[in-house]
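Below is one structure; the comments refer to it alone.
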Amino acid sequence: MTTAMMEIKPAIEATRYRVLAAISSAHFLNDMLQSLILALYPLLKGSYHLSFTQIGLLTLTYQITASILQPLVGSFTDKHPQKYALVVGMGFSMCGLLLLSQAATFGLLLLAAGLTGTGSAIFHPESSRVARLASGGKHGLAQSIFQGGGNAGSACGPLLAALIVIPLGQGSLAWFSPAALLAMAVLWQISIWKARQHKNAGSKAHRAIQPLPQRQTLYAMAVLIALVFTKYIYMSSFHSYYTFYLIERFALSAQAAQLMLFIFLFGVALGTILGGPIGDRIGRKRVIWFSILGSAPFSLALPYMDLNGTIALSFIIGVVMSSAFSAILVLAQELLPGKVGMVSGLFFGLAFGVAGIGAAVIGSFADQYGIASVYHFTAFLPLGGMIALLLPDMKKAS
């Protein structure tokens, strides 16, 4: 039987918290570096006189590169494990960061975004596989620890941009390359551990059995994909345009707007950490339904708030909506056991791709109708979370 048809269990059925802490730390560094692209947007827009459409194209290049490659990388490594894929992925991200620090044309900015997206495409499915391998059966908890690190890193990007990159300029991005080297060192050790686990557990592999009939599995996967569309199109309005909204509506400085974005992204990190273990306890369907649909009242109220209300609601939206992704990913992995890399790559890829397409469309919409109208228009997207009621109850699935 091929590796794709097998489910590899860890040699010891215990949660490896040290491994989870290490892969979460690497995810923190990876996403911190990648988030600097988005955090740099106000500076790039002024320096290169970019339109909102061009800002959207930068996000689209980064997100689509990751979106297309992630499921391909995940499917390939399911069948042909690559010992040091994580290290190679971080190397691509570092090259993208260094190029971004020196890029003087829009074309080079796009290339830098593409290199960073390639690094993400390699990193995420492989690191998600490590999180599941180290979970000891606590899959939601493991994914939350892993993804919480990434979201915390994303939250730090705007903070670092406000404190370092915006005051000192685009070239200061190169100062963060040692963080990529540190992540590569951590990932080197994780790669050795992962290879040892596969070698020790190879003889204990068992045939993966889908918990639901094929037709019902495909139906559930379609619902999960639709939920990813709803969640990430809305979230892209914050990642790419929230700072511009705050600057225009409340006359904030670029630095102050980056700090407000940090508050939103801190909420995203907190919600991600909470979502997985809650899903382990009460069922993933309930978490998904509450997370996406539950953010609708706050998204609908957001455009009418003053500055303090906007900051508070953005934090709540970040916490509530972000709690869904760990549950979505683990539920998908349970629906298609033995294909952890492919499933992880598919859903991380969808998240990146949908966010990229959403950013490009929203950017064009903002150029035509104004940045404030974006948050009136997208406020209705979380109502799509109602379709989570169509998901099967996988609470007892293992």
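FYI, it's all coordinate maths here, none of it is from the lab. Fair warning: this is a prediction, and the values are worked out from it, not measured in the lab. Every residue, glycine among them, receives a Cβ derived from its backbone with ideal geometry; neighbour counts consider all protein chains shown.
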Using square roots of five times the C-alpha gyration tensor eigenvalues, list the equivalent-ellipsoid semi-axes of segment 256-398 in whole Å, biggest first. 29, 17, 14
Full-stretch length increase - MET386, ILE225 - with 0.36 nm per residue and alpha-carbon distance subtracted: 56.6 nm
Quick one: check the C-alpha center-to-center distance for segment 166-183 versus segment 61-122, whole angstrom. 17
Quick check for me: using +1 on Lys/Arg Cβ and -1 on Asp/Glu Cβ, what's the dipole size of segment 177-323 about its Cα centre, in debye to the nearest 20? 980
Please check: in the Gaussian network model of the chain (C-alpha springs, under 10 Å), which one of HIS376, HIS49, HIS27 has the largest mean-square fluctuation. HIS49
Report Rg (one decimal) and Dmax (nearest whole number) for the chain, counting Cα atoms only, units Å. 20.0, 63
Calculated from DSSP H runs of 4 or more alone, at -39500 (n - 2.57) each and per residue, what is the 222 nm mean residue ellipticity of the chain, nearest 500? -26000 deg cm²/dmol
Quick one: among ILE164, ILE190, ILE233, which has the greatest mean-square fluctuation in a GNM of the chain with alpha-carbon springs under 10 angstrom? ILE164
Starting from the 7 Å offset along Cα-to-Cβ, what nm value, one decimal, do you get for the label separation of ALA372 and PHE250? 1.5
At q = 0.12, 0.18, 0.27 Å⁻¹, what log₁₀ I(q)/I(0) does a Debye calculation on the Cα points of segment 75-138 give, no solvent, two decimals? -0.38, -0.68, -1.04
As a Kirkwood estimate from alpha-carbon pairs, segment 85-210 has a hydrodynamic radius in angstrom of 16.4
For segment 162-305, what log10 I(q)/I(0) values come out of the Debye formula at q = 0.10, 0.15, 0.19, 0.21 1/Å, with one point per alpha carbon and no solvent? -0.65, -1.13, -1.24, -1.29
Quick one: compute the contact order of the chain, relative version, from alpha carbon pairs under 8 angstrom and 6+ residues apart, as a percent. 30
What is the angle, in °, between the Cα long axis of helix 85-102 and the longest principal axis of the Cα atoms in the chain? Nearest 10 is fine, range 0 to 90. 10
Which one, LEU218, LEU227, LEU111, has the greatest fluctuation when you compute a Gaussian network model over the chain with C-alpha springs under 10 angstrom? LEU218
Note down the relative contact order for segment 251-348 as a percent, whole number, built from C-alpha pairs under 8 angstrom at least six residues apart. 37
